[in-house]
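The values are calculated or read from the model by the stated rules, or taken from the named source; none is laboratory data. As the structure is a prediction and not an experimental result, all values here were calculated from the model. Because the Cβ atoms are built from the backbone with ideal geometry, glycine has one as well, and the counts that use them run over all protein chains shown. Heads up: the accessible areas ignore ligands, DNA and RNA and are worked out on the full protein's heavy atoms, side chains in. Shrake-Rupley method; radii C 1.70, N 1.55, O 1.52, S 1.80 Å.
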Amino acid sequence: QVQLVESGGGLVQPGGSLRLSCAASGSIFSINAMGWYRQAPGKQRELVAVYGRGGATNYADSVKGRFTVSRDYVKNTVTLQMNDLKPEDTAVYYCNAAIQRSSNLNYRNYWGQGTQVTVSS
């Protein structure tokens, strides 16, 4: 079994900061990309930021310059530092990872349970 466990969501005022963390655990042989998606009420889930296995990062245009994704390859964690938060950042944030459970299996997408981020005064 593989689990992604997120932490760090909450309520913050506009202009504030939050830090989300996600830890992958279980039967893991290799992890490719790890990253974050979000889903606001009535909207589709969208990419926020992803950290590739080789170190390349990709961000949604709406968060560039405000959010930073980082990764610990030893601890199998990915972190999202969110600064200058705006009300439109309000959503449930989901951790995502492409994980290979053994050398003879393909990579598969795994999701965390989601953590609520609310930006409001």
Scan the range 92-101 and tell me whether some residue there is at pLDDT 95 or above, small (Gly, Ala, Ser) and either closer than 27 Å to SER121 by Cβ or in a loop (DSSP other than H, G, I, E, B) (or both). no
When (1) part of a strand (DSSP E or B); (2) more than 10 Å from the chain's Cα centre (by Cα) are applied to GLY35, the one that fails is (2)
How many residues of the range 77-102 are open to solvent by less than 40 Å² (accessible area, probe 1.4 Å) and either under 13 Å from SER25 (Cα atoms) or of a type outside the set (Ser, Thr, Tyr) (or both)? The answer is 14
Taking the range 107-121 and the residues there that are over 17 Å from GLN1 (Cβ atoms) and assigned to a loop (DSSP other than H, G, I, E, B), the one that is least open to solvent (accessible area, probe 1.4 Å) would be GLY114
**Asked** Do we have ASN32 as open to solvent by 50 Å² or more (accessible area, probe 1.4 Å), touching a Phe, Trp or Tyr at 6+ places or on another chain (Cβ under 8 Å) and not basic (Lys, Arg) here?
**Response** yes
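Test VAL48 against the criterion of being of a type in the set (A, V, I, L, M) and surrounded by 14 or more Cβ atoms within 10 Å (Cβ to Cβ), and give yes or no.
When the stated conditions are applied, VAL48 passes them.
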Out of (1) touching a residue at least 60 places away in the same chain (Cβ under 8 Å); (2) small (Gly, Ala, Ser); (3) in contact with a Phe, Trp or Tyr (Cβ under 8 Å, 6 or more places away or on another chain), the one ALA49 does not meet is (1)
Margin query: Looking at the structure I just gave you, is ALA40 surrounded by 12 or more Cβ atoms within 10 Å (Cβ to Cβ), under 21 Å from VAL2 (Cα atoms) and hydrophobic (A, V, I, L, M, F, W, C)?
Written below: no
Of (1) surrounded by fewer than 21 Cβ atoms within 10 Å (Cβ to Cβ); (2) touching a residue at least 40 places away in the same chain (Cβ under 8 Å); (3) in a loop (DSSP other than H, G, I, E, B), GLY65 fails just (2)
